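To keep things clear, I will list the structure first and then write my remarks on it.
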Amino acid sequence: MKERIVLNEETKKTLLSLYQNNGVGLEGNILKVIDPESDKEFSKYIKKCIDEDKSRQTKRLGITKTVQKQNLDLQKAKDEIERINEELKNSLDETNKAKELVEYDLDILQKKNQYQLINTIVNVALVVIVGVGILTTLMYMITMFSGKDTQIIASAWTNTISILLTNAFSIVGTIMGVKYLQEENKK
């Protein structure tokens, strides 16, 4: 049998007065061991205190369950945010790698296009220079073999050849200067 606590009359009156005047009653496990004896008013007080204590415990339990559910929801949200952040980080890393690869490919393509353009310019310039040189030489030879005076055409031929050589060196120098300048800009 459980041990019971018997309160004296003065303590009972003090507890009843405290409850009636201030709404403060006993709570917790102490209510299970207080013996109201045959005092009906104190018996009602103990029963009210037990009922109110159960009601408060039920409310606290409900609040605890609500807080636990909210904590679980917050943890799930946190885990989801961490997962999304990891995916974003991985996507950003992949994007940066792809960007670097595209920039590298673009650089190679630009160099290839520049090389092809320079090559085309040099080839056309050489064809023009050689063509004019051959044409002028043929005209000079025709004039020589025809027995006509070659003094005027000889000076024209010399001037044309010297201009063609000067232009050829100018083109090559310009191309080399542009190429050197591009290499310096990259450094």
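The values are calculated or read from the model by the stated rules, or taken from the named source; none is laboratory data. Keep in mind that what you see is a predicted model, and the values were worked out from it rather than measured. Cβ atoms come from the backbone with ideal geometry, glycine included; neighbour counts cover every protein chain shown.
Some points to look at:
- Test: VAL122 is farther than 30 Å from GLU183 by Cα, in contact with a helix residue (DSSP H, G or I) (Cβ under 7 Å, 6 or more places away or on another chain), assigned to a helix (DSSP H, G or I) and not aromatic (Phe, Trp, Tyr): no
Residue-by-condition table, conditions (1) more than 25 Å from GLN182 (Cβ to Cβ); (2) within 46 Å of the chain's Cα centre (by Cα):
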site: ILE81; (1), (2): yes, yes
site: LYS89; (1), (2): yes, yes
site: THR95; (1), (2): yes, yes
site: ALA98; (1), (2): yes, yes
site: ASP105; (1), (2): no, yes
site: ILE142; (1), (2): yes, no
site: ALA154; (1), (2): yes, no
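- Beta carbons closer than 6 Å, at least 6 apart along the sequence or on distinct chains, pair a first residue in the stretch 119-137 that is farther than 15 Å from THR166 by Cα with a second that is surrounded by 13 or more Cβ atoms within 10 Å (Cβ to Cβ) and at pLDDT below 80 for THR136/TRP157; THR136/THR160.
- Any hit, the stretch 44-64, residues being surrounded by 10 or more Cβ atoms within 10 Å (Cβ to Cβ), among the aromatic types (Phe, Trp, Tyr) and in contact with a Pro (Cβ under 9 Å, 6 or more places away or on another chain): yes
- Considered as a group, the residues in the stretch 41-54 that are out of contact with any Leu (no Cβ under 8 Å at 6 or more places or on another chain) and within 15 Å of LEU15 (Cβ to Cβ) include one that is modelled with the lowest pLDDT, and that residue is SER43.
- Residue list for the stretch 37-54, filter: part of a helix (DSSP H, G or I), among the charged types (D, E, K, R) and in contact (Cβ under 8 Å) with a residue 12 or more places away in the chain: GLU41, LYS48, GLU52, ASP53
- LEU74 vs. criteria out of contact with any strand residue (DSSP E or B) (no Cβ under 9 Å at 6 or more places or on another chain) and loosely packed, with under 11 Cβ neighbours inside 10 Å: yes
- Of all residues assigned to the stretch 141-156, at least one qualifies as being surrounded by 10 or more Cβ atoms within 10 Å (Cβ to Cβ), in contact with a Ser or Thr (Cβ under 7 Å, 6 or more places away or on another chain) and at pLDDT below 75.
- Looking across the stretch 104-140, the residues that are exposed (fewer than 11 other Cβ atoms within 10 Å of the Cβ) and under 22 Å from VAL172 (Cα atoms) come down to LYS112, ASN113, GLN116, THR120, ASN123, VAL127, ILE134.
- When GLN57, GLN20, GLN70, GLN75 are checked against the criterion of being in a helix (DSSP H, G or I) and at pLDDT below 90, a single residue qualifies: GLN20.
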